[in-house]
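First up is the structure itself, then whatever we jot down about it.
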Amino acid sequence: MMRPRSWLLLSMGAVLVPLVGFAAMKLVPGWDPMLVYPVEHFWVVSAAALLSALVGTGLAMSVESVRTTRTVYLALGFVAIAMVFATHGLGTPGLLIPETDYPYAVIISAGLSQFLGAIFIALSVVPRRWPGGTFVQRHSTDVLAAGLAVLAAYLVSMVLRPELWDFVPRSRSWDSVLAGTTIALLGIAGWRYFQAWRLTELPGQLAMVTALGLLGVAQLSMYYSDLWQLSWWLYHGLLLMAFLVVIGGWAIEAARAKSLIVFARALELRDSLDEVRSIADVRVLESLEEAVERKDAYTRHHMGRVAEFAEGLARELRLPERQVMVCAAAGRIHDVGKITVPDAVLLKPGKLTPEEFEVMKHHTVRGAHIAKLHPELEGLAAVIRAHHERFAGGGYPDGLKGEQIPIEARVVAVGDTFDALTSTRVYRPKRPVSEALEELRRVAGTQLDPDCVEAFIRWLERTGRLDDYTLGASRPAA
């Protein structure tokens with residue numbers, strides 16, 4: 001299996017090679033011949049439009065289940081490219097129009113398709129709290145339908161009344177503005193998707209970054225080449241390649257996780273990380289929980305309860321205030337790495353197979369990786385990584401034992417275990433608190449730090465939380 005670094009190098013090569021090729025065509029005499037093939041042009045454009053439509057349709061079909069602002073805009077971006085670019089193909093001289101004619105509307109459609117697509121794709125990566133985000137999320141289906149209606153109207157007008165679009169300027173300076181704006185929008189979107197990819201390091205997500213890079217290079221080939229030259233044909237090939245890369249990336253992710261939801265969730269997580277200023281900011285850390293909640297509601301509420309237990313236990317152990325803060329913050333996001341665990345594994349109602357358990361175990365490593373990417377959370381990385389280590393050894397991912405395990409991780413592990421025992425899971429009902437306490441005592445010294453277990457039970461008794469459980473409260477008050 002290829003490592004993330006190898007995937008990144010492959011992505012960079014896929015974008016740089018055609019860029020270098022374009023430069024060579026323009027600079028080396030004889031490398032940019034004229035290739036006049038109208039029929040082939042029609043089929044190439046049609047294939048590119050069809051692939052873009054498939055990408056947009058796939059996203060549109062997921063709106064009901066994913067229902068995020070990002071998905072709506074991303075779907076509109078690819079559908080816009082497909083529908084507007086289709087008019088460029090339909091207007092190929094010698095097919096639907098005379099061979100000697102080349103309507104102005106057809107000329108501008110290629111660039112306009114990329115420009116409109118870039119606008120929508122860039123909107124898919126703006127922070128979720130931007131002014132229109134809530135409206136789009138609440139009315140995602142309506143917004144998508146309205147966008148499709150406008151694009152359909154454009155397509156019809158281009159075919160039946162192309163002269164209506166003669167007002168759009170056509171000059172070298174205007175082309176440069178349009179190309180520069182499109183490249184800038186694609187660059188912004190590509191950077192945001194790259195930041196999200198760094199969290200998950202999934203090849204399917206990097207495919208989106210690669211595709212946006214290819215679309216950016218296509219702008220140069222489109223605007224700075226003459227009709228029918230090889231360099232002009234290059235942008236058609238780049239569009240085809242970009243859409244194939246996206247579809248290929250989706251296929252990889254679908255095979256891995258049977259879902260494409262991680263694309264949107266990783267961006268949500270990236271947004272939440274950007275807002276973190278301190279591990280003491282509970283509100284912001286809760287937004288990280290929410291990014292995981294969209295994947296697994298139990299995990300989010302579980303992490304909030306573990307944070308409460310970890311803070312209480314840390315104070316019972318009389319740890320310094322800084323360590324108390326680390327325990328609480330790490331407890332609140334200790335399972336954040338589950339964002340990359342496939343739903344089929346995370347939400348499986350039965351026992352995991354050995355292979356599935358290996359996938360599940362990786363959430364500790366991924367969670368630590370995510371924490372390390374933010375300077376304020378970097379100090380939590382070792383705790384998140386070690387919260388499934390066992391006191392007597394044999395845990396994961398590093399097989400640490402005893403004092404080798406950070407005290408904060410040992411604290412979180414106790415709260416994590418207690419809440420797991422007293423909560424209903426997809427694969428078993430919750431256990432009575434008396435049985436949960438007995439289980440904590442049983443695994444003290446093997447799975448859990450015995451001093452932490454003793455202090456935790458003492459804290460539960462001293463604060464009256466055991467009474468709350470005994471009286472039947474679903475959860476003690478914070």
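Here are the numbers:
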quantity: Qualifying positions in the stretch 236-249 - in contact with a Phe, Trp or Tyr (Cβ under 9 Å, 6 or more places away or on another chain) and either free of Cβ contacts under 8 Å to residues at least 40 places away in the same chain or β-branched (Val, Ile, Thr) (or both); calculated: 246
quantity: Helices (runs of 4 or more DSSP H) enclosed by the stretch 1-91 - at least 1 residues per element that are at pLDDT 90 or above and touching a helix residue (DSSP H, G or I) at 6+ places or on another chain (Cβ under 7 Å); calculated: 4-27
quantity: Which listed residue is assigned to a helix (DSSP H, G or I) and either under 12 Å from the mean Cα position of the chain (by Cα) or among the aromatic types (Phe, Trp, Tyr) (or both), from 151, 178, 206; calculated: 206
quantity: Counted residues, the stretch 394-438 - those being of a type in the set (D, E, K, R) and buried (at least 19 other Cβ atoms within 10 Å of the Cβ); calculated: 4
quantity: Set 380, 317: member being closer than 19 Å to residue 453 by Cα, out of contact with any Asp or Glu (no Cβ under 7 Å at 6 or more places or on another chain) and of a type in the set (A, V, I, L, M, F, W, C); calculated: 317
quantity: Residues of the stretch 13-41 satisfying the condition of being in contact (Cβ under 8 Å) with a residue 12 or more places away in the chain and closer than 17 Å to residue 197 by Cβ; calculated: 14, 15
quantity: Members of the stretch 153-176 that are closer than 20 Å to residue 226 by Cβ and among the charged types (D, E, K, R); calculated: 170, 172, 175
quantity: Single unsatisfied condition, residue 246 versus (1) over 26 Å from the mean Cα position of the chain (by Cα); (2) farther than 30 Å from residue 457 by Cβ; (3) β-branched (Val, Ile, Thr); calculated: (1)
quantity: Residue within the stretch 380-392 that is in contact with a Lys or Arg (Cβ under 7 Å, 6 or more places away or on another chain), free of Cβ contacts under 8 Å to residues at least 12 places away in the same chain and surrounded by fewer than 21 Cβ atoms within 10 Å (Cβ to Cβ) present; calculated: no
quantity: Condition met for residue 340 (assigned by TED's automatic domain parsing to the domain that holds residue 372, without any contact (Cβ under 8 Å) to a residue 24 or more places away in the chain and among the polar types (S, T, N, Q)); calculated: no
quantity: Pairs, first in contact (Cβ under 8 Å) with a residue 24 or more places away in the chain and closer than 18 Å to residue 328 by Cβ in the stretch 367-379, second of a type in the set (A, V, I, L, M, F, W, C) and in a loop (DSSP other than H, G, I, E, B), C-beta under 7 Å, six or more apart; calculated: 371/377; 374/276; 376/276; 376/279; 377/276; 377/279
quantity: Check on residue 178, touching a helix residue (DSSP H, G or I) at 6+ places or on another chain (Cβ under 7 Å), at negative phi and at pLDDT 90 or above; calculated: no
quantity: In the stretch 330-365, residue nearest to residue 199 (Cα to Cα) [restricted to those that are among the polar types (S, T, N, Q) and assigned to a helix (DSSP H, G or I)]; calculated: 340
quantity: Residues located in the stretch 432-451, provided they are touching a Gly at 6+ places or on another chain (Cβ under 9 Å) and either modelled with pLDDT under 95 or among the hydroxyl-bearing types (Ser, Thr, Tyr) (or both); calculated: 446
quantity: Subset of the stretch 342-352 [of a type outside the set (A, V, I, L, M) and under 20 Å from residue 254 (Cβ atoms)]; calculated: 342, 343, 348
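The values are calculated or read from the model by the stated rules, or taken from the named source; none is laboratory data. Given the structure is predicted, the values throughout are model-derived calculations rather than measurements. Reconstructed Cβ throughout: ideal geometry from the backbone, glycine too, with neighbour counts over all protein chains shown.
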